[in-house]
Amino acid sequence: MTTDRITIDPKIYGGKPCIRGTRISVTMILELIEDGLTFQQVINDYYPQLAEQDIKACLEYARAVVEGEDIHFIDEKPLAA
């Protein structure tokens, strides 16, 4: 797992997870991927200081966060007519 490339520091970007040694947040990278950019486009057009492993680490971090979520279902009762 490459999530050792992701750091959380309350003094950097408000404690949002960022790529180690940068102020580039995981969210910034995920938004670019969501917009359809390839890893190479993210590097070439936006963040030439990153490596492909940094972008993969963002995806792995996001997956790990979702996997770790606890989901609680609420028994919904129908509304009275």
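Quick rundown of the values:
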| item | result |
| --- | --- |
| Qualifying residue in region 14-25 (condition: surrounded by 13 or more Cβ atoms within 10 Å (Cβ to Cβ) and assigned to a helix (DSSP H, G or I)) | no |
| Residues that are over 13 Å from the mean Cα position of the chain (by Cα) and not in a helix (DSSP H, G or I), drawn from region 3-13 | Asp9, Pro10, Lys11, Ile12 |
| Pairs, first in contact (Cβ under 8 Å) with a residue 24 or more places away in the chain and under 13 Å from Pro17 (Cβ atoms) in region 55-79, second assigned to a helix (DSSP H, G or I) and among the charged types (D, E, K, R), C-beta under 8 Å, six or more apart | Ala57/Asp4; Ala57/Arg5 |
| Positions within region 34-59 being within 13 Å of the chain's Cα centre (by Cα) and either surrounded by fewer than 17 Cβ atoms within 10 Å (Cβ to Cβ) or at pLDDT below 95 (or both), in sequence order | Glu34, Lys56, Leu59 |
| Failed item, numbered, when Ile71 is tested on (1) more than 14 Å from Arg5 (Cα to Cα); (2) in a helix (DSSP H, G or I) | (2) |
| Tabulated pairs, region 28-53, first under 17 Å from Cys18 (Cα atoms), second charged (D, E, K, R) and surrounded by 14 or more Cβ atoms within 10 Å (Cβ to Cβ), C-beta under 7 angstrom, 6+ apart or interchain | Gln53/Arg5 |
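The values are calculated or read from the model by the stated rules, or taken from the named source; none is laboratory data. Being a predicted model, the structure only gives us computed values, none of them experimental. Every residue, glycine as well, gets a Cβ built from its backbone with ideal geometry; the counts of neighbours run over all protein chains shown.
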